[in-house]
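What follows is a short report on a single structure.
The values are calculated or read from the model by the stated rules, or taken from the named source; none is laboratory data. Given the structure is predicted, the values throughout are model-derived calculations rather than measurements. Cβ sites come from the backbone with ideal geometry, for glycine too, and all protein chains shown count toward neighbours.
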Amino acid sequence: MSAYTVSQLAHNAGVSVHIVRDYLVRGLLRPVACTTGGYGVFDDAALQRLCFVRAAFEAGIGLDALARL
């Protein structure tokens, strides 16, 4: 299992850190764990979900609708 920080997740998905943080606030992404410093840790499933959400958003599906999935 790969472990990613927010910045690594953003880089691997080709989006900005701000987009990842926005998706976290909206509940579209969730960390699988937190470091002792309180930073979120993400796995490969989170990377796949981020790529799916971004592609769906670019196809015209609203973020509120995606949050309900």
Looking only at segment 17-69, filter to residues that are loosely packed, with under 14 Cβ neighbours inside 10 Å and among the acidic types (D, E); which one of those is modelled with the lowest pLDDT? D64
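Condition check ((1) touching a strand residue (DSSP E or B) at 6+ places or on another chain (Cβ under 6 Å); (2) aliphatic (A, V, I, L, M)) across all residues:
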residue	(1), (2)
S2	no, no
T5	no, no
L9	yes, yes
V25	no, yes
R30	no, no
T36	no, no
Y39	no, no
L50	no, yes
R68	no, no
With the requirement that a residue be assigned to a strand (DSSP E or B) and without any contact (Cβ under 8 Å) to a residue 12 or more places away in the chain, what does segment 34-47 give you? C34
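Restrict the check to segment 54-62 and report whether at least one residue is in contact (Cβ under 8 Å) with a residue 24 or more places away in the chain, at negative phi and not hydrophobic (A, V, I, L, M, F, W, C).
Among the residues of segment 54-62, at least one is in contact (Cβ under 8 Å) with a residue 24 or more places away in the chain, at negative phi and not hydrophobic (A, V, I, L, M, F, W, C), which makes the answer yes.
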As an exercise: evaluate A65 against (1) assigned to a loop (DSSP other than H, G, I, E, B); (2) more than 18 Å from V15 (Cα to Cα) and give the number of the one condition it does not meet. (1)
How many residues does segment 37-57 hold that are within 11 Å of the chain's Cα centre (by Cα) and not acidic (D, E)? 13
Can you name every residue in segment 20-31 that is in a loop (DSSP other than H, G, I, E, B) and more than 12 Å from V6 (Cα to Cα)? G27, L28
How many residues does segment 1-16 contain that are crowded, with 16+ Cβ neighbours inside 10 Å and within 18 Å of A56 (Cα to Cα)? 4
